[in-house]
Amino acid sequence: MKKSILYPLAAAAILFMFGFLAWAFSLHGTFGLFHVGILFRYVSISLGVLGAILLGLALLHLWLTRRHSSRAVRRLSAPLLILAAVAIVVPATGFVYLEGIPSSTIGDISPQLIVADVAGSHGIPNIAVVAYSERPTVDSLSWGKPGTASA
């Protein structure tokens, strides 16, 4: 059998894709972002589906190669090679994009209130306050009507 780069490339692409998803979901807050952010949920599911399709095509290609169906193997080789290349580029680009942005160059940004488009448990909106500063600071946050204390 002729040596091919297809199987090592497909194996590397599958490892990159599922490795990227494992790394992303090992970060603090990713599961919360998955449950709250609809776009993040669709992107994560799409990457998982892409990895599963790539794994299925690689196994189908291997099975067809062993059965000596050369015509089907040739038809499947090009899409598998293209999908493997995409599956290597996407996680590498995503890793650089997510890890490659240095937070130290952001500077002082006033606090921003972020409200998700879906309500959380008991109909309470999902909110977050984000603030960046060059120097470490301690800030406090209060909400509600002025002069009233929550019990």
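The values are calculated or read from the model by the stated rules, or taken from the named source; none is laboratory data. A quick note: this is a predicted structure, and the numbers were derived from the prediction, not measured. Virtual Cβ from ideal backbone geometry, glycine too; neighbours counted across all protein chains shown.
Select from the range 88-139 the residues that are in a strand (DSSP E or B), aliphatic (A, V, I, L, M) and at pLDDT 75 or above and list them in ascending order.
Pass one, the range 88-139, residues in a strand (DSSP E or B): 109-119, 125-132.
Adding the requirement that they be aliphatic (A, V, I, L, M) leaves 109, 113-116, 118-119, 127-131.
Within the range 88-139, Leu113, Ile114, Val115, Ala116, Val118, Ala119, Ile127, Ala128, Val129, Val130, Ala131 meet the criteria.
Assess whether Gly48 counts as being out of contact with any Gly (no Cβ under 6 Å at 6 or more places or on another chain), modelled with pLDDT of 80 or more and more than 30 Å from Gly120 (Cβ to Cβ).
Considered against the rule, which asks whether it is out of contact with any Gly (no Cβ under 6 Å at 6 or more places or on another chain), modelled with pLDDT of 80 or more and more than 30 Å from Gly120 (Cβ to Cβ), Gly48 comes out as no.
Exactly one condition in (1) at pLDDT 85 or above; (2) aliphatic (A, V, I, L, M); (3) surrounded by fewer than 14 Cβ atoms within 10 Å (Cβ to Cβ); (4) under 13 Å from the mean Cα position of the chain (by Cα) is not met by Leu39; state its number.
(1)
Of the residues that sit in the range 1-25 and are surrounded by fewer than 11 Cβ atoms within 10 Å (Cβ to Cβ) and either within 11 Å of the chain's Cα centre (by Cα) or closer than 19 Å to Ile82 by Cβ (or both), which one is modelled with the highest pLDDT? Spell out the reasoning first.
We begin by selecting, within the range 1-25, every residue surrounded by fewer than 11 Cβ atoms within 10 Å (Cβ to Cβ); these are 1-3, 5, 22.
Subset that is either within 11 Å of the chain's Cα centre (by Cα) or closer than 19 Å to Ile82 by Cβ (or both): 5, 22.
Details: Ile5: 80, Ala22: 88.
Top of the filtered list is Ala22.
Hey, could you check the range 126-149 for residues that are aliphatic (A, V, I, L, M) and within 32 Å of the chain's Cα centre (by Cα) and say which is farthest from Gly37 (Cα to Cα)? It would help to see each step written out before you state the result.
Within the range 126-149, the subset aliphatic (A, V, I, L, M) is 127-131, 138, 141, 149.
Filter again for within 32 Å of the chain's Cα centre (by Cα), leaving 127-131, 138, 141.
Numbers: Ile127: 12, Ala128: 13, Val129: 16, Val130: 16, Ala131: 19, Val138: 28, Leu141: 24 Å.
Within the range 126-149, the match that is farthest from Gly37 (Cα to Cα) is Val138.
Any residue at all in the range 66-87 that's in contact with a helix residue (DSSP H, G or I) (Cβ under 8 Å, 6 or more places away or on another chain), among the charged types (D, E, K, R), surrounded by 10 or more Cβ atoms within 10 Å (Cβ to Cβ) and modelled with pLDDT of 80 or more?
Filtering the range 66-87 for residues in contact with a helix residue (DSSP H, G or I) (Cβ under 8 Å, 6 or more places away or on another chain) gives 72-73, 76-77, 79-81, 83-87.
Filter once more, so that each one left must be among the charged types (D, E, K, R): none.
No, the conditions are met nowhere in the range 66-87.
Restricting the search to the range 1-34, which residues are free of Cβ contacts under 8 Å to residues at least 24 places away in the same chain and part of a helix (DSSP H, G or I)?
Of everything in the range 1-34, those that are free of Cβ contacts under 8 Å to residues at least 24 places away in the same chain and part of a helix (DSSP H, G or I) turn out to be Pro8, Leu15, Ala22, Phe25, Ser26, Thr30, Phe31, Gly32, Leu33, Phe34.
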